[in-house]
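The next block holds one structure in the form of structure tokens; read it before the comments.
The values are calculated or read from the model by the stated rules, or taken from the named source; none is laboratory data. This is a predicted model, so every value here is computed, not measured. Here Cβ is always computed from backbone atoms with ideal geometry, including for glycine, and neighbour counts include all displayed protein chains. All accessible areas refer to the heavy atoms of the entire protein, side chains included, with ligands and DNA or RNA removed. Shrake-Rupley method; radii C 1.70, N 1.55, O 1.52, S 1.80 Å.
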Amino acid sequence: MFINPIYLLYAAPAMLLMAWAQSKVKSSFSAGMRVSAPLSGAAAARHILDSEGLYDVGVELTQGYLSDHYDPSDRVLRLSPDVYNSRSAAAVGIAAHEAGHALQHAHSYMPLILRNAAVPAARFGPIAFVVLVFAGMFIHPSLIWVGIACYGAVLVFQLVNLPVEFDASNRAKALLTNMGIVDAEGAAAVRSVLNAAAWTYVAATLQTLMTILYYVMQFTGGRSDD
């Protein structure tokens, strides 16, 4: 079989971790929205960027729930409505995290450079994996290993992405405290939101790793007979 129930043994830990992390993000964000801050998410991001001399980096409103991100090609922070408008610890925490990515970009933070270079491989790796594995099953078995290697590019991207995300969160926590944007209660709320978000990246990385291990097992004779 191409996929069998054994896959659940590999995927279940990562799936459970992801479910927990996503639930934790939502609950932490909801709690953090009830902790007031003196600035909105947009104002906090603008203040952080200006304090670092990044006057040319924009802060824009975008649609979607927690769709916040930094676009390095346009040099702009795009913040979701809840983050852009809200004067809360959760909002300034997420906005500061995205501002942290802008700071990484401005300071040529090496893991960010490596992550951006790996984006095309991560984007097309899953597609190439499916195509090549099916081709390998009907044309030549060696194509299967090429497909698994392509999916491995996703894992490389995710591994490089971990320090990028962790560093942006650490920058955000320090900047918000040092600039007096959050008090002790607000700092705790920010930590809760950003730490929960970090676990989603860990879970995604673990899921990719376990998927690769499963298919390696399948195609090295470790799978059970049909």
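Observations on the model:
- Distance between the pseudo-spin-label points of Ala106 and Ala188 (7 Å out from Cα toward the beta carbon): 3.2 nm.
- Of all the options Ser108, Ser73, Ser142, the one that moves most in a Gaussian network model of the chain with Cα springs shorter than 10 angstrom is Ser73.
- Computed from backbone phi, the HN-Hα couplings of region 111-121 come to x, 5, 4, 5, 5, 4, 5, 8, 4, x, 5 Hz, rounded to whole numbers (Karplus: 6.51 cos²θ - 1.76 cosθ + 1.60, θ = phi - 60°; Gly and Pro given as x).
- With every protein chain in place, the chain: carbon and sulfur % of accessible area (1.4 Å): 64 percent
- Applying 1/(1 + (r/R0)^6) with R0 = 22 Å to the Cβ-Cβ distance of Thr220 and Trp199 gives a FRET efficiency near 0.10.
- Backbone phi angles across region 185-193, fed through the Karplus curve with coefficients 6.51, -1.76 and 1.60 (θ = phi - 60°), yield HN-Hα couplings of 5, x, 4, 5, 5, 4, 4, 4, 5 Hz in residue order; Gly and Pro are listed as x.
- Near Asp68, the amide H atoms lying under 5 Å from its own belong to Ser80; only residues 5 or more places off or on other chains count, and H is placed 1.01 Å from N.
- Accessible surface, the chain, averaged per residue in Å² (probe 1.4 Å): 49 Å²
- Label zone of Ser51 (point 7 Å out along Cα→Cβ, amide N under 16 Å): in region 148-175 this covers 168-175.
- Distant-in-sequence amide contacts of Gly58, defined by a placed amide H-H separation under 5 Å and a gap of 5 or more residues or a different chain, comprise Val76, Leu77.
- Karplus-derived 3J(HN,Hα), 6.51/-1.76/1.60, for each residue of region 179-184, Hz, glycine and proline x: 8, x, 6, 10, 8, 4
- Computed from the Cα positions only, the extents of region 2-78 along the three principal axes stand at 53, 34, 23 Å, in decreasing order.
- Mean separation of Cα pairs under 8 Å and 6 or more residues apart, divided by the residue count, gives the chain a relative contact order of 27 percent.
- Considering only Val57, Val25, Val131, the Gaussian network model of the chain with Cα springs below 10 Å gives its largest mean-square fluctuation to Val131.
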